[in-house]
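The values are calculated or read from the model by the stated rules, or taken from the named source; none is laboratory data. Note that the structure is a prediction, hence the values are computed from the model and not measured. Note: ideal-geometry Cβ built from the backbone for every residue, glycine included; neighbour counts use all protein chains shown.
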Amino acid sequence: MWLILFRVFIIALLAHAGYVYSPFPGQPSLGVGLGVVAALAVIALEMKLRAVPGHHMIGALIGDVYTLGMEDAFTPLRDAREFATLLNSCGRMGKPGLGLSICVGDRGESLRESMKLLSEYRAEINRSVQGILSDSGRVEIREDFAFVTGDDLVDEKLLGPVTSILASAPQFKGRVIVARTKSGDSELKISSRVGDSHDGEVNLGVMMREAAEKMGGVGGGHMMAAGAKIPLSRGPEFAKTLVERAGV
């Protein structure tokens, strides 16, 4: 009974929203129809989810979790993914020896310092991502690509994680993300990712390698994630080469 009432409520709510906020000027009835269609889609999804066993649904939402049973439950080391993130933060924040100490069993001062470093790592990534998302001048959309300029904002060691996060952002997830930042005084570091919802066929590893070599640099990687280093002055030409190479 309650489920039926809920479904009726959803239909009425979205139909009313379609009437009030109709995207068709002067035709509220079309807005109502659009709202009803949206409500039916929601109900169809709800019915489909109800048919999925609970344990399967939870697994789909959470994914695989690898627990390291001999580690303290109140540290990031308990979860294998968090353990890997902590080690990654040590390397990217310039403290590889700290990560090595954790790997050989130091659970005292090295662990405390690495947990502090992990917080700094995440804060720095967040600062970089927010700096890009809040500054439209750092993003250039060219056909299928989103070219992101991280110069003087993103540390070159953090460019990869920042690009990975941008690949899931709503405004970028349907594109190929190519981010750059300065590396020293004479080079650019490039990181690229295929957006989470991108439906085209690209091989970033090949594209980055070929384009970088034309610029006198080096590059490569995988189909979905790749990187390069090129001379600082060749940035615009590199971007043009990528677009031409993709055939768009």
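Only residues that are outside any helix (DSSP H, G or I) and of a type in the set (V, I, T): list them for region 205-219, please.
First pass over region 205-219, keeping only residues outside any helix (DSSP H, G or I): 215-219.
Of everything in region 205-219, just one residue is outside any helix (DSSP H, G or I) and of a type in the set (V, I, T), namely V218.
So S191 clears everything in (1) assigned to a helix (DSSP H, G or I); (2) among the hydroxyl-bearing types (S, T, Y); (3) within 19 Å of G94 (Cβ to Cβ); (4) not assigned by TED's automatic domain parsing to the domain that holds L100 except one condition, right? Which one?
Single failed check for S191: (1).
If you go through region 70-125, how many residues are of a type in the set (D, E) and within 26 Å of E156 (Cα to Cα)? Let's see the steps before the verdict.
Within region 70-125, the subset of a type in the set (D, E) is 71-72, 79, 82, 106, 109, 113, 120, 124.
Subsequent filtering for residues that are within 26 Å of E156 (Cα to Cα) retains 82, 113, 120, 124.
Here the count works out to 4.
Before we move on, is E140 under 30 Å from A80 (Cα atoms) and either of a type in the set (A, V, I, L, M) or surrounded by fewer than 20 Cβ atoms within 10 Å (Cβ to Cβ) (or both)?
Values: under 30 Å from A80 (Cα atoms): no; either of a type in the set (A, V, I, L, M) or surrounded by fewer than 20 Cβ atoms within 10 Å (Cβ to Cβ) (or both): yes.
Here the answer is no, as E140 does not meet what is asked.
With region 25-130 as the region, which helices (runs of 4 or more DSSP H) entirely inside it contain at least 1 residues that are at pLDDT 90 or above and surrounded by 15 or more Cβ atoms within 10 Å (Cβ to Cβ)? It would help to see each step written out before you state the result.
Working: elements: 28-50, 54-62, 80-92, 96-103.
Passing ranges, in order: 80-92, 96-103.
So, S192, is that one among the hydroxyl-bearing types (S, T, Y) and surrounded by fewer than 17 Cβ atoms within 10 Å (Cβ to Cβ) or not? Step through it out loud before you land on a result.
Values: among the hydroxyl-bearing types (S, T, Y): yes; surrounded by fewer than 17 Cβ atoms within 10 Å (Cβ to Cβ): no.
Criteria not met by S192.
When you scan region 161-189, how many residues do you find that are of a type outside the set (D, E, K, R), touching a Ser or Thr at 6+ places or on another chain (Cβ under 7 Å) and surrounded by fewer than 21 Cβ atoms within 10 Å (Cβ to Cβ)?
Within region 161-189, residues that are of a type outside the set (D, E, K, R), touching a Ser or Thr at 6+ places or on another chain (Cβ under 7 Å) and surrounded by fewer than 21 Cβ atoms within 10 Å (Cβ to Cβ) number 1.
Output the number of the condition that L153 fails; it satisfies all remaining conditions of (1) touching a residue at least 60 places away in the same chain (Cβ under 8 Å); (2) of a type outside the set (S, T, Y); (3) assigned to a loop (DSSP other than H, G, I, E, B).
Here L153 clears every test but (1).
Tell me whether region 202-225 contains one or more residues that are buried (at least 20 other Cβ atoms within 10 Å of the Cβ) and polar (S, T, N, Q).
No, that holds for no residue.
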